[in-house]
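First the structure, in the form of structure tokens, and then the observations on it.
The values are calculated or read from the model by the stated rules, or taken from the named source; none is laboratory data. A quick note: this is a predicted structure, and the numbers were derived from the prediction, not measured. Every residue, glycine among them, receives a Cβ derived from its backbone with ideal geometry; neighbour counts consider all protein chains shown. Only protein heavy atoms, including side chains, enter the accessible area calculation; ligands, DNA and RNA are left aside. Shrake-Rupley method; radii C 1.70, N 1.55, O 1.52, S 1.80 Å.
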Amino acid sequence: MLSRYKDQLNRPLTLINQRNTGVAKARNNAIDAATGRYVWLLDADDELAENSIAAVLTYLTERQPELLLGSHVNVKPDGKRKTIARKSASDNRLENFIAYLDKTMPMMHGAFVVKRALIQHYPYPEDLSHAEDIPVFAWLVANTNPQIIPDALVNIHKHASSRRHNSSAAIETGMQLVDTLFDGKYLSNEYLAYKDWYKAYRVSSLFRTCCAANDYQQAKKLYAELFKLSPGRALRWKTLRKRIRIIFKV
């Protein structure tokens, strides 16, 4: 299909055919093979929003940002759409780093454009089987001053089989994500100081994932670990309520 599409174009198109070793390797190879100053990555369930290319090209030409963040549109299986407007970024890189990790400044493929040389310096970790984008996004916001474009850049089609909702893969990755993210090669000491905080956040997130997947035995173990790491977070009502419900499920 791609070969036929390539024949219809009036411009070069490079097709990369490689053994399936994960999306991180595929993205890194594609970025290395690219020749432009900027890269704009899409996942399999992403679709560029109408007029987004023109809006991005105008912004890149006028401002030449290192990292450009835009809004996005969530599209449900029934066709309902919800625009998630991009909020402004702080001038303080540490604030942006924390905001990204606690999901108050979300980033996702399709809704960001970055200088190719920059993302080559922060490659996707190929040893992670899931959530390999989280460290890359964290490293980028920690080491750049992102600029904001208000336009919606991508339509993200939501569906149950998406890797974003793969609980088994999330559990398998576990705490490896934390160690990969908090790497002194990419983060200075002021960022590394937040490792324990994020570890508790990650355990809390995995606990919720297991609850949603009805994996109550694993959820019990994660809640116990969360309580050791951060009793305050474990006793938050939304989290505690899930733990109480598990008592009646197991």
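Of the residues Tyr59, His121, Val75, the one whose Cα sits farthest towards the positive end of the charge dipole of the stretch 55-154 is Val75 (charges of +1 on Lys and Arg Cβ, -1 on Asp and Glu Cβ, taken about the Cα centre).
Under unit Cβ charges (Lys, Arg +1; Asp, Glu -1), what dipole magnitude, rounded to 20 debye, does the chain have relative to its Cα centre? The partial results should precede the final answer.
Values: 37 positive and 25 negative charges, 227 e Å.
So the dipole magnitude of the chain works out to roughly 1080 debye.
Under the simplified labelling scheme, the Ala193-Gln8 pair shows an inter-label distance of 5.5 nm, with each label point 7 Å from Cα along Cα→Cβ.
Find the percent of Cα-Cα distances in the stretch 107-250 that exceed 21 Å, and round it to a whole number. Can you show the working numbers first?
Details: 5465 of 10296 pairs.
It works out to 53 percent of all Cα pairs.
Ranked highest first by the average count of other Cβ atoms within 10 Å around their residues, in what order do 34-42, 237-245, 62-70, 107-115 fall? Walk me through the numbers before you get to the answer.
Numbers: 34-42: 14.7, 237-245: 12.7, 62-70: 17.7, 107-115: 21.9.
Top to bottom by mean Cβ count within 10 Å: 107-115, 62-70, 34-42, 237-245.
Can you compute the label reach from Gln120? Point 7 Å from Cα along the Cβ direction, backbone N cut-off under 14 Å, restricted to the stretch 31-71. The answer is 31-39, whose backbone nitrogens lie closer than 14 Å to the label point.
So what's the stretch 1-143 giving for Rg/Rh, alpha carbon basis, Kirkwood Rh from the mean inverse pair distance? Display every interim value, and only then the final one.
Details: Rg = 16.1 Å, Rh = 16.8 Å.
Taking Rh as the inverse mean 1/r over Cα pairs, Rg/Rh reads 0.96.
Within the chain, antiparallel bridges make up roughly 65 percent of the DSSP beta bridges whose residues both belong there.
Could you grab the relative contact order for the chain? Cα pairs under 8 Å, six or more apart, rounded to a whole percent. Each step should come with its number before you reach the end.
On the way: 322 pairs, mean separation 52.6, N = 250.
Across the chain, relative contact order equals 21 percent.
You can think of it this way: the chain between Glu62 and Leu48 has 2.9 nm of extra reach, that is 0.36 nm per residue less the Cα-Cα gap.
Counting residues in the chain as N, plug N into 2.2 N^0.38 Å and put the Cα Rg over that result.
Taking the Cα Rg and dividing by 2.2 N^0.38 Å, one obtains 1.09.
For the chain, the solvent-accessible area of protein heavy atoms averages 57 Å² per residue (probe radius 1.4 Å; ligands and nucleic acids excluded).
Calculated from DSSP H runs of 4 or more alone, at -39500 (n - 2.57) each and per residue, what is the 222 nm mean residue ellipticity of the chain, nearest 500? Working shown, then result.
On the way: 13 runs with 120 residues, N = 250.
The helix-only estimate for the chain comes to -13500 deg cm²/dmol at 222 nm.
Out of the total accessible area of the stretch 134-217 (probe 1.4 Å, heavy atoms of protein only), what percent is carbon and sulfur?
Working: 1720 of 3690 Å².
Of the solvent-accessible surface of the stretch 134-217, carbon and sulfur hold 47 percent.
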